[in-house]
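The values are calculated or read from the model by the stated rules, or taken from the named source; none is laboratory data. In this text the structure is predicted, and so the values were computed from the model without any measurement. Using ideal geometry, Cβ is built from the backbone for each residue, glycine included, and neighbour counts are taken over all protein chains shown.
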Amino acid sequence: MIATDIINGIGVSLILCAFFLQMFQIVNTRNTWYLALNLLGSALACYGSWLIGSIPFIILEGTWCLVSFTGLCRLKMIPAHI
């Protein structure tokens, strides 16, 4: 196993972990952990895709990372009482 496989494997595992937690209603999509797992997982998968030169997956994971980051920032801006 090479380093890119490990990086991509960890990234995809984090994304799948977030998906599993959401599907079994352990967290919802507006949960900090859900967004953080997606952010870190997609960032790693994007980096791994960049290392192997897979442009479609760089675009996919890069977009996923930006959307997760935006969601996390927006979540932190919402007052706690809402």
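Looking only at residues that are among the aromatic types (Phe, Trp, Tyr) and free of Cβ contacts under 8 Å to residues at least 24 places away in the same chain in the stretch 50-82, which one is farthest from Met1 (Cα to Cα)?
Selected residue: Phe57.
Filter the stretch 56-78 down to the residues that are among the aliphatic types (A, V, I, L, M) and modelled with pLDDT under 95, then identify the one that is surrounded by the most Cβ atoms within 10 Å (Cβ to Cβ).
Leu72
May I ask you to list pairs of residues, at least six apart or on different chains, whose Cβ atoms are under 8 Å apart, with the first in the stretch 23-49 being surrounded by 23 or more Cβ atoms within 10 Å (Cβ to Cβ) and the second being assigned to a loop (DSSP other than H, G, I, E, B) and modelled with pLDDT of 95 or more?
none
Among the listed residues Ile26, Ile59, Ile6, which satisfies the condition of being among the hydrophobic types (A, V, I, L, M, F, W, C), part of a loop (DSSP other than H, G, I, E, B) and out of contact with any Pro (no Cβ under 8 Å at 6 or more places or on another chain)? Spell out how you get there, then give the answer.
Working: Ile59 fails: part of a loop (DSSP other than H, G, I, E, B); Ile6 fails: part of a loop (DSSP other than H, G, I, E, B).
Answer to the selection: Ile26.
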